[in-house]
Every structure is written in C-alpha cells, then in structure tokens.
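The values are calculated or read from the model by the stated rules, or taken from the named source; none is laboratory data. As the structure is a prediction and not an experimental result, all values here were calculated from the model. So basically every Cβ, Gly included, is an ideal-geometry build from the backbone, and we count neighbours across all protein chains shown. For accessibility, only protein heavy atoms count, side chains too; no ligands or nucleic acids. Shrake-Rupley method; radii C 1.70, N 1.55, O 1.52, S 1.80 Å.
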Amino acid sequence: MTGSNEFKLNQPPEDGISSVKFSPNTSQFLLVSSWDTSVRLYDVPANSMRLKYQHTGAVLDCAFYDPTHAWSGGLDRQLKMHDLNTDQENLVGAHDAPIRCVEYCPEVNVMVTGSWDQTVKLWDPRTPCNAGTFSQPEKVYTLSVSGDRLIVGTAGRRVLVWDLRNMGYVQQRRESSLKYQTRCIRAFPNKQGYVLSSIEGRVAVEYLDPSLEVQKKKYAFKCHRLKENNIEQIYPVNAISFHNVHNTFATGGSDGFVNIWDPFNKKRLCQFHRYPTSIASLAFSNDGTTLAIASSYMYEMDDIEHPEDGIYIRQVTDAETKPKST
C-alpha cells in the first residue's frame, strides 16, 4: 500500500482527524487535532507520539505559535495554549460557540481564531490574552493568513479580507466564485492571492489585487470527481496546502485522492495513489520536502463502516511539486 517514500504514523487518533500542522522550523514535528478530544505531537522521523493533551470536546483545529507552543480549539469553545516542553497548559480564552479555525500570523505576532459564533478573535500570544473580537457576517468555516492580511471564508459563500494591523474595517468583501459551500481557503505563500475549495468538487484560484487587469487572471476548475458505473460522483475538496517554495498546492478530497497543482500553468502535476478514505487535512512542511496526509472518514454517508483513520507521511520531490517551465 505505502511505498518507500511514504509511511503511516503509529498511534493515530482514535476518531476523526480534523487538522495536521507541521512545526514552523522543522519537518520533524507534526501537530494533530482530533474528534477524539486530543491534540497529539508526533516526532515524524522517529515515528512516535511525543505528547498528547486533551480538550473536553472534539478539537477542530490546532496551530504552532512557535516550536514549543501549540494552540487549539474546538467544540468545547475553549482556546488552549500548551507548552510542548513542560507539558503545561494555559486556558487562554473562549468563544460563544465552537472554535473552527486556529492560525498564527508571524508578521503581526497574533494568534487568530474563527468560530461558529460569527466572530474572529485575535490573541496576543505573549501574555497570552484576547486582543480584539471582530464580527463576521456568518459562521466562520475557514481562514488563512497572508502576510499581514487575513482571509476569512464564512457560511453563505462569503469571503472577507482583513488587515490584521487595522481591524477597524473590512478591506474587501467578496463572494465565492463557486456556487456551493466553501470548505477551505489557503493563501499563496507569495501573498498574491488565495485558493478556495467547495463541497462540490471545485477549486477557485483568486487574486487579492482588485484591479481589473489582475482580476482577469482568476479562474476555477473541477477536480476530485470520479466516474463510477458511468455516473460522475462529485466529492468535497476538504483540504488545501501550499508548497512554500514553489507556490504550487496540494488538494485532498472525499474521494481519497491527493492532487498537486501548478496554478501558473493551470496543470495538475501529479496524483498520488488512492488513500483508504476521505482526505480531511493536508500539510506541507515549511521546506516543502514532506507532505502530511490525514485519511479520515468525514461522515459524508453518515455512520457506516469505514476504514480506520490514519496519517501518512510522504516525502515529495521537485518533480511532483515544481511548476514545469514552458
């Protein structure tokens, strides 16, 4: 099943995997949040779980603040900061509804959380304490940091672009160019735009510069669709992760496939083998050498028998991730 360039992590979560994130400065450590109410830290090369801490409900997202501090939130509405060296935890604050997204913005040194309570909150990681609460038009489903800008995807197919240095007003209000519910947004490492995926097997490549000339470059494409018995099955695109060096990106769908795309030449660079079940989350390491793949049933067909959840660690090459020069 797995080749020499890929292996499966030992001691995976016991329920659905919500998020995988690599340490900011090394591909050695991977943080994983789960519906089993845990956040786990893995030493990837050693294939061992280093540490595990708990919430009182399913954990929907996690993020590194720095190599030794993890932040996490979920259905218990509580935002936790955990010191990975001392195994001490700090309850930083809370939302009024489940916390869906947790991200760090290094350029402004703030943690950002997005919640189903229709707010985004900023947190000063040094104290740590709340540094502002900002209303969104609907429930927050996904968010991504791009330099000092924040891109928020909500229910109702809305996209908001905020300036993290001046949260007094919304910089841009947009509507998703896809017709169906937004599942994931991730910003280009080059800060020029973002990629947005929907529950209906489509991905949009968008640009932040509002000028007509730049907006002409945006496009969308179909993916994660399979013909079965002559009927096209259309799957949600759950996960997006960018390669920090090449600005190419991987997508993962409920079809169990991972694709890598070259947004500049509008081509698919490769597709890996089919994983046992839905791809719930993806993360490239900072140096782009490694891709963490969470294969985890997302209850698309309700509570049926399904393969066990697993995290696959894949070494990727430039041939798979680098744009082809035309």
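Mind jotting down the three principal axis lengths of the range 197-326 based on Cα atoms? Whole angstrom, largest first.
Sorted from largest, the Cα extents of the range 197-326 read 49, 32, 26 Å.
How big is the chain by the Kirkwood estimate over distinct Cα pairs, in Å? Display every interim value, and only then the final one.
On the way: mean 1/r = 0.0507 Å⁻¹.
Result for the chain, one decimal place: 19.7 Å.
Excluding residues fewer than 8 places away in the same chain, name every one of the lysines whose C-alpha is closer than 22 Å to that of residue 322.
Within reach: 21, 191, 217, 218, 222, 266, 267.
Would you mind telling me the share, in percent, of accessible area of the chain contributed by carbon and sulfur at probe 1.4 angstrom? Intermediate results must be reported in sequence, preceding the final value.
Details: 6290 of 13890 Å².
The value for the chain is 45 percent carbon and sulfur by accessible area.
Please report the spacing between the Cα centers of the range 70-137 and the range 207-248 in Å, no decimals.
A separation of 29 Å, based on Cα centres.
Taking only C-alpha pairs under 8 Å that are 6+ residues apart, what is the relative contact order of the chain in percent? Please list the in-between numbers first.
Values: 927 pairs, mean separation 40.3, N = 326.
Reported relative contact order: 12 percent.
Please work out the average accessible area per residue across the chain, using the 1.4 Å probe convention, and give it in Å². Intermediate results must be reported in sequence, preceding the final value.
Working: 13890 Å² over 326 residues.
On a per-residue basis, the chain sits at 43 Å².
With the convex hull built on the Cα atoms of the range 20-133, state its orientation-averaged projected area in nm². Each step should come with its number before you reach the end.
Working: hull surface 25.9 nm².
If I average the Cα hull's projected area over directions, I get 6.5 nm².
If I take every Cα pair under 8 Å that is 6 or more residues apart in the range 138-246, average their sequence separation and divide by the length, what percent do I get for the relative contact order? Each step should come with its number before you reach the end.
On the way: 246 pairs, mean separation 21.6, N = 109.
The value is 20 percent.
When averaged across all projection directions, what area in nm² does the alpha-carbon convex hull of the range 85-240 cover?
Values: hull surface 46.4 nm².
For the Cα atoms of the range 85-240, the hull's average projected area reads 11.6 nm².
222 nm [θ] for the chain, helices only, -39500 (n - 2.57) per DSSP H run of 4+, per residue, to 500?
Working: 2 runs with 8 residues, N = 326.
So the calculated ellipticity at 222 nm is -500 deg cm²/dmol.
Could you grab the relative contact order for the range 45-122? Cα pairs under 8 Å, six or more apart, rounded to a whole percent.
22
Below 10 angstrom from the Cβ of residue 63, what's the summed charge of the other residues (Lys, Arg +1; Asp, Glu -1)? Before the final figure, lay out the partial values.
Working: positive: 21; negative: 61, 103.
Spelling it out: positives minus negatives among the neighbours equals -1.
Note down the net charge around residue 38, summing +1 for each Lys or Arg and -1 for each Asp or Glu among other residues with Cβ under 15 Å from its Cβ.
Values: positive: 21, 40, 50, 52, 80; negative: 14, 15, 36, 61, 76, 87, 89, 309.
Here the charged neighbours net out to -3.
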